[in-house]
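Just so it is clear, none of the values below were taken in a lab; they were calculated from the coordinates. None of the values given here were measured: they were computed from a predicted structure. Here Cβ is always computed from backbone atoms with ideal geometry, including for glycine, and neighbour counts include all displayed protein chains.
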Amino acid sequence: MGMKVEEVVFSGIGIVFLALGYLIKYKENVNLINDYNENKVIDKDKFIKWIGNHYFLLGVLSFVAAILTYIIPLNYIGWIGYVILLFIILVKMTIGSKKYYKY
C-alpha cells in the first residue's frame, strides 16, 4: 500500500517545521523569525529556545497526523482538528514569545 497524498503533505510539513526548529534553536538562525529585532529581546537564548521548541512541536504534530492518516482514513474532521491544533500552538508560541520582549 503506497502513501496517500495526505501522508505526503503532513510529512512534508513536518520536515519543514522540524528543519525550522533545528535551524532556529541549534544554529541560532534568527533571520527565520519574522520581525525579529535583537535590540528588543530581553533574553535571546531563551527566546530562540522558545521559538525553536514550538517549531519542533509543530513538526511532531504533523508527523503524528501523517501516521494517523496511514492508520485511519482521514476525513474533514481530522483536517479541521489538525488545523485547530496547529493554530493553538502558533498562538501559544506568539503570545508566549512576548515575555522575551522589552516594550
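Rounded to a whole number of µm²/s, how large is the Stokes-Einstein D of segment 58-97 at 37 °C and 0.692 mPa s, given Rh as the Kirkwood radius over C-alpha pairs?
D, rounded to a whole number, is 305 µm²/s.
Mind sorting 103, 82, 55, 76 by how few other Cβ atoms lie within 10 Å of their own Cβ, fewest first? Write out the running numbers ahead of the final one.
On the way: 103 4, 82 20, 55 24, 76 7.
Ranking 103, 82, 55, 76 by Cβ neighbours within 10 Å, fewest first, gives 103, 76, 82, 55.
Two-decimal Rg/Rh of segment 1-58 from alpha-carbon positions, Kirkwood Rh? Before the final figure, lay out each step's value.
Details: Rg = 14.3 Å, Rh = 12.4 Å.
That ratio is 1.15, to two decimals.
Once you have the Kirkwood Rh of the chain from its Cα pairs, apply Stokes-Einstein at 20 °C and 1.002 mPa s and quote D in µm²/s. All intermediate terms of the calculation are to be shown ahead of the outcome.
Numbers: Rh = 14.6 Å.
Translational D for this selection: 147 µm²/s.
Provide the net charge surrounding residue 62, with neighbours chosen by a C-beta distance below 12 Å and charges set as Lys +1, Arg +1, Asp -1, Glu -1.
-2
Let's test the formula: R0 of 22 Å, r as the Cβ-Cβ distance of residue 90 and residue 4. What FRET efficiency results, to the nearest 0.05?
For residue 90 and residue 4, the calculated efficiency is 0.30.
Could you tell me the calculated FRET efficiency between residue 60 and residue 103, based on Cβ-Cβ distance and R0 = 25 angstrom, to the nearest 0.05? Intermediate results must be reported in sequence, preceding the final value.
Values: r = 32 Å, r/R0 = 1.28.
So the FRET efficiency works out to roughly 0.20.
Show which lysines lie in cross-link reach of residue 40 when reach means a straight Cα distance below 27 angstrom and same-chain residues fewer than eight apart are skipped.
Excluding near neighbours in sequence, the set is 25, 27, 49, 92, 98, 99, 102.
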